[in-house]
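Just below is one structure, and these are the notes that go with it.
The values are calculated or read from the model by the stated rules, or taken from the named source; none is laboratory data. Here the structure is a predicted model, which means the values were calculated and not measured. FYI the Cβ positions are ideal-geometry reconstructions off the backbone, even for glycines, and counts take in every protein chain you see. Note: accessible area is taken over every heavy atom of the protein model, side chains too, but ligands, DNA and RNA are not part of it. Shrake-Rupley method; radii C 1.70, N 1.55, O 1.52, S 1.80 Å.
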Amino acid sequence: MWSVDTDRAVTIESSQLKPLSWEAVAAALLAVSAVVLFGVGSTFPQVRAFGYVPMLVALIIVWSVNRSFARDLSIIAACLALISAISVEADISWSNIARMGVVLSAVVIGPWLVTRYVFEDKTIQFPLRRGRPWSRLEWAWLVFVVVVAWAVLPQYFMRTGVYLNWPPLTNWSEIIRLFFGVNAVGIWDELFFICTVFALLRKHFSFWTANAFTTIIFVSFLWELGYRSIGPLLTIPFALVQAFIFTRTKSLPYTVTVHLLFDALVFLTIVHAHHPDALPIFIGV
């Protein structure tokens, strides 16, 4: 059976900061910042700028109490600030794809370069687990993900109307761009939220504490992307489980595969919602 060593990260041993500490307060404030910048700020743009306030307070606190942790939290904060400079709402125009591509690539490559070559810290890694085949349980989980996504996603997207947060897909070019965008963002999600944000937090906190903070940030980003209404009821469990899978399997390819299978059903659901007669593969909607 799958289990997770909650006292050890994927590659490094944690110093186990307590969930009731000034460092945890700073991490929580950074998570609140993400909620305002990407969540509340998407619905109420007039309050978006207030999301930088808890971010600044978090950095002031953490640089006052723990410089080692402050260094890592500052990297996450800088990435979130850079992402917040653009809109991550579903827009498949070529200009937006290019803009998002540059920014989202920067917040993956930048932290890796800084931690690896400036701080000489190998916390951020992209493990491939070469030579170890996937187990029967891992293959079974992939089937489970497909079945659950097929059953649940159409109900969520179509009954809440959130599919309208994505473009209407009036031609094949838009469909192809949507497919590319959904998969590219899915891969990036794992590279940034799991391999970068979760890894940096896991270096200092217990598994579940780091996972909880990462999940709040991840779900906030997904809200702006378009997963609104009751979306967090789906995206919170998904985010928590993805960190568990990554820690348990020590395999980025497997973790990404799980995500891309889920996103494949997201893509098919959005296409079906806009063109139900052209793709009648779902029932009950």
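Does Arg159 satisfy the condition of being under 21 Å from Arg248 (Cα atoms) and open to solvent by 50 Å² or more (accessible area, probe 1.4 Å)? In short, no. In segment 108-152, what residues are more than 22 Å from Val197 (Cβ to Cβ) and among the polar types (S, T, N, Q)? Across segment 108-152, the qualifying residue is only Ser135.
Filtering segment 114-133 to residues that are part of a helix (DSSP H, G or I) and surrounded by 11 or more Cβ atoms within 10 Å (Cβ to Cβ) leaves Val114, Thr115, Arg116.
Of these, Ala239, Ala243, Ala264, Ala210, which one is over 12 Å from the mean Cα position of the chain (by Cα), assigned to a helix (DSSP H, G or I) and buried (at least 22 other Cβ atoms within 10 Å of the Cβ)?
Details: Ala239 fails: over 12 Å from the mean Cα position of the chain (by Cα); Ala243 fails: over 12 Å from the mean Cα position of the chain (by Cα); Ala264 fails: buried (at least 22 other Cβ atoms within 10 Å of the Cβ).
It is Ala210.
In the set (1) outside any helix (DSSP H, G or I); (2) over 28 Å from Ser33 (Cα atoms); (3) open to solvent by 30 Å² or more (accessible area, probe 1.4 Å), Arg248 fails one condition alone, (1). Exactly one residue among Ser87, Ser95, Ser105, Ser64 is polar (S, T, N, Q), outside any helix (DSSP H, G or I) and open to solvent by 50 Å² or more (accessible area, probe 1.4 Å), and that residue is Ser87.
Applying a threshold of 6 Å to beta carbon distances and a minimum spacing of six or more residues, or different chains, the list of pairs starting in segment 106-133 at a residue that is farther than 13 Å from Pro253 by Cα and ending at one that is open to solvent by 60 Å² or more (accessible area, probe 1.4 Å) reads Val107/Leu82; Ile124/Trp112. If we keep just the residues of segment 63-88 that are among the polar types (S, T, N, Q) and within 16 Å of the chain's Cα centre (by Cα), which is farthest from Ser206 (Cα to Cα)? Of everything passing the filter in segment 63-88, Ser87 is farthest from Ser206 (Cα to Cα). Evaluation of Trp139 against the conditions (1) open to solvent by 40 Å² or more (accessible area, probe 1.4 Å); (2) part of a loop (DSSP other than H, G, I, E, B) shows that the sole unmet condition is (2). Provide a single number: the residues in segment 183-207 that are open to solvent by less than 20 Å² (accessible area, probe 1.4 Å) and touching an Asp or Glu at 6+ places or on another chain (Cβ under 7 Å). Of the residues in that region, 3 qualify.
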